[in-house]
Amino acid sequence: MTDGSSRGVGTFVVQIAKCFGVEVTAVCSTKNIEAARSLGADRVIDYTKEDFTKAGELYDLILAVNGYHSIFSYRRGANTSGTVLLVGSSKVIRLLLEAIIFRRLLSCENGKTMHFMGIAKLNQGDLIFLEQLLGDSKIRTVIDRTYKLSESVEAFKYFEEGHVRGKVIIQTV
Ligand SMILES: NC(=O)c1ccc[n+]([C@@H]2O[C@H](COP(=O)([O-])OP(=O)(O)OC[C@H]3O[C@@H](n4cnc5c(N)ncnc54)[C@H](OP(=O)(O)O)[C@@H]3O)[C@@H](O)[C@H]2O)c1
């Protein structure tokens with residue numbers, strides 16, 4: 001399960017997860033459903049119509065790309081031996097406070113594991129693996145718009161509007 005499947009991180013998460021042969025559920029808004037399917041998602045949940053943390057379905061791994069739910073909601077969506085991995089969030093302070101304040105309570109739920117990703121450790125083997133996936137066209141970069149370097153301000157404004165699908169590119173040459 002990928003909460004936030006349509007932007008810079010989530011578009012890669014869906015594709016890489018499929019390379020490992022797992023069943024992937026992607027969460028995004030209505031306008032990005034078809035794009036998520038085209039990246040390989042087996043199932044897509046429209047967050048404007050359904051809250052996956054309340055739907056009763058349990059997941060082995062929840063990759064909280066955007067961190068838009070509370071820690072408790074994510075844990076509710078994980079099965080008893082499931083893992084919740086918080087990748088990033090614009091609400092990271094709230095999530096960190098929840099983790100610190102409710103640490104004891106959270107650790108009471110048998111089997112469920114919570115991880116904060118923080119800064120990923122650089123690992124050459126992983127980078128070579130990703131390079132191979134790109135080279136074999138098993139994963140691709142989803143590019144929404146490309147700007148010239150002189151248009152950087154417009155590029156950042158567009159990014160800040162929050163409607164980007166995949167990546168925004170600024171060309172330096
Ligand atoms: N983007 C990058 O290249 C990059 C690089 C390094 C680190 N990061 C960090 O990685 C994290 C993820 O970044 P990101 O750019 O991939 O995604 P993001 O901006 O954190 O989240 C966007 C995703 O969340 C969905 N979303 C928006 N509103 C939502 C809501 N109310 N409920 C549920 N889902 C909602 C969006 O779907 P719709 O678009 O369909 O609305 C989209 O799939 C962030 O913390 C970011 O700072 C990003």
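What follows is calculated from the coordinates using simple rules that are stated; it is not laboratory data. Here the structure is a predicted model, which is why all the values come from computation and not from measurement. Glycine gets a Cβ as well: all are built from the backbone with ideal geometry, and neighbour counts include every protein chain shown.
Some points to look at:
- Using the Cβ-Cβ distance between Thr141 and Glu98 with R0 set to 45 Å, the FRET efficiency from 1/(1 + (r/R0)^6) comes to roughly 0.85.
- Degrees separating the helix 92-101 axis from the principal Cα axis of the chain, which is the longest one: 20
- Additional length obtainable on full extension of the chain from Leu130 to Val22, 0.36 nm per residue less Cα span: 37.2 nm
- Note on Asp46 and Ala120: with the Förster distance fixed at 30 Å, the Cβ-Cβ geometry gives a FRET efficiency of about 0.55.
- Quarter the surface of the alpha carbon convex hull of the chain and you get the mean projected area, 11.4 square nanometres.
- C-alpha long axis of helix 10-19 to longest principal axis of the chain, angle in °: 80
- Taking every DSSP bridge with both residues inside the chain, close to 0 percent are antiparallel.
- Longest segment of the chain lacking GluC sites (Glu not before Pro) that sit in a DSSP loop with at most 15 other Cβ atoms within 10 Å: 110-173
- Net +/- balance of residues flanking Ala17 in space, Cβ distance below 15 Å, scoring K and R +1, D and E -1: 0
- Between Ile169 and Ser70, the distance separating the two model label sites (each 7 Å from Cα on the Cα→Cβ line) works out to 4.3 nm.
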